[in-house]
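Below is one structure, written out as structure tokens; comments come after it.
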Amino acid sequence: MTDIQYNQRKPGSRPGDTLTVTIDDTEFDVVDNDQDAASLVRLAGRNPRNFDLFIIDKHGVETHVEDAQIINLRDEGRFRTRRRVRFTVDGERHSSWDDDQTAAALLRLAGVDPTKYDLARVNSVDSPEIFGGDQLVTIRDGDEFVTAKQAGPVA
């Protein structure tokens with residue numbers, strides 16, 4: 001069980017007392033101590049069709065919560081909303097809540113050796129953007145990437 005599943009209240013608190021939860025670094029006071037994830041996404045001003053809710057535990061680890069799942073809130077509970085980004089690599093569809101990853105991670109996702117290939121964003125506004133190795137790639141919804149074999153040493 002995650003620590004959010006325990007309904008931890010301050011000593012002397014009763015059901016109906018106000019709890020403070022943080023969603024996307026903004027504090028909200030709530031009276032209802034059990035809510036579904038979609039309600040918390042809406043409380044943060046976001047649409048549950050486009051955003052998903054994550055519980056942040058005391059170690060900073062985020063755990064995804066399904067929209068209909070009931071969460072027993074605790075005072076000072078922390079949450080994050082994330083939009084799933086959809087993208088393709090060599091025409092294969094992928095999606096992630098992590099909108100920044102290294103080129104090497106995206107190449108491995110495509111089943112390609114990052115020591116032999118680079119990644120190129122082909123729907124870039126300018127010209128194709130080339131990324132390699134540990135270079136951080138910010139992924140935008142709808143991005144199209146292709147893999148490109150690295151040029152070998154010139155003889």
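The values are calculated or read from the model by the stated rules, or taken from the named source; none is laboratory data. For clarity, every value in this text was computed on a predicted model and none was experimentally measured. Virtual Cβ from ideal backbone geometry, glycine too; neighbours counted across all protein chains shown. What goes into the accessible areas is simple: the full protein's heavy atoms, side chains included, and nothing from ligands, DNA or RNA. Shrake-Rupley method; radii C 1.70, N 1.55, O 1.52, S 1.80 Å.
Each helix, a run of at least 4 DSSP H residues, gives -39500 (n - 2.57); summed and divided by the residues of the chain, these come to -2500 deg cm²/dmol at 222 nm. With each label modelled as a point 7 angstrom along the Cα→C-beta vector, the Asp141-Asn123 pair spans 1.2 nm.
Please give the FRET efficiency for Gln69 paired with Asp134, using the beta carbon to beta carbon distance and R0 = 35 Å, rounded to the nearest 0.05. My answer for the efficiency is 0.45. For the pair Asp98 and Glu76, the difference between a 0.36 nm per residue extended length and the Cα-Cα distance amounts to 5.5 nm.
Using the average count of surrounding beta-carbon atoms within 10 Å as a protection proxy, the listed peptides 80-93, 32-45, 120-133 rank, highest first, as 32-45, 80-93, 120-133. Which of (1) 11, 40, 33, 13, 2, 0; (2) 11, 36, 29, 15, 8, 2; (3) 10, 32, 22, 19, 12, 5, 1, 0 is the computed P(r) over Cα pairs in 10 Å bins from 0, in percent for the structure on display? Correct label, based on the coordinates given: (3).
The residues of the chain expose, per residue, 61 Å² of accessible area to a 1.4 Å probe.
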